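The values are calculated or read from the model by the stated rules, or taken from the named source; none is laboratory data. Remember, it's a predicted structure, so these values are computed and weren't measured experimentally. Ideal geometry is used to build each Cβ from the backbone, glycine not excepted, and the neighbour counts take in all protein chains shown. When the accessible area is computed, the model is the full protein with side chains, heavy atoms only, and any ligands, DNA or RNA have been set aside. Shrake-Rupley method; radii C 1.70, N 1.55, O 1.52, S 1.80 Å.
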Amino acid sequence: MIARTVSSRRDGPTDGRHDGRREARPEPPVTAAWLERVTTHYLDRYGASSEMLRRVLARRIDRRCRSRDEDASAHAGLIEETVARAQKAGLVDDARFAAARLRGLRRRGTSTRQAQARLAAKGIDRETIAATLAEEDEADGTQGGEADTEERAAFAYARRRRLGPYRRPETREANRERDLAAMARAGFSYALAKAVLASEAGEDETSVNQE
């Protein structure tokens, strides 16, 4: 005969646990020192606007308060104090962040309209955005100012997406309407998109708006 073994089964917990699981312990309380550590760790890894930091701190507090069954809104003042200290220490500077972000967006071929929207999404206020765009034009140093900046961005976008002059010559005309639509969605005016798509590769070295 084949011997069978019958395993014994416990009828209930005998070690103070339920189903072998420990009850989750609540996290430590929210303190100013803890928020400072969260701030330092975050800003060591990422550039941020004041609003971005504010959002990060709010999420961390909300998560900790849920584990403690506490009201996260009670710590709103502590968030503002922490953000203010970061600003005073120069760890957060919205104008500096906006300028750096705009430079990165322009390199990728982002239009002024989309750049404004993306900076706003990062919590940059309208006045700072306007000042950053104005400073960009001043730093450009060309007579065309904003128009030249937008034109360079349009060429950068076309180059990155391989539109118009950056397509194979035999495919340009067939894709013209599609390319115009892509540039319109990217925030470029119809006139500028049309001029860029009608140009030749390398023509972005000089203004397509020059007569």
Query raised in the report: If all Cα-Cα distances of region 40-94 are sorted into 5 Å bins from 0 onward, what percent lands in each bin, rounded to whole numbers?
Result: 4, 20, 30, 21, 14, 8, 2
Report task. In nm, give the distance between the simple-model label positions of Ala191 and Thr171, each being 7 Å from the Cα along the Cα-to-Cβ direction. Result -> 3.1 nm
Query raised in the report: Using a basic spin-label model with each label point 7 Å from the Cα along Cα→Cβ, how many nm lie between Arg159 and Asp71?
Result: 5.6 nm
Query - Average accessible surface area per residue within region 66-191, 1.4 Å rolling probe, Å² - result: 60 Å²
**Report entry** region 72-155, dipole about Cα centre (Lys/Arg Cβ +1, Asp/Glu Cβ -1), debye to the nearest 20
**Finding:** 500 debye
Requested in this report: Using Cα pairs closer than 8 Å and at least 6 residues apart in sequence, work out the relative contact order for region 68-146, in percent.
Outcome: 25 percent
Requested in this report: Over region 21-179, with every protein chain in place, what whole percent of the accessible area is carbon and sulfur at 1.4 Å, could you tell me?
Outcome: 48 percent
Report task. Evaluate region 38-179: find the radius of gyration of its Cα atoms, find its Kirkwood radius, and give the ratio Rg to Rh. Result -> 1.14
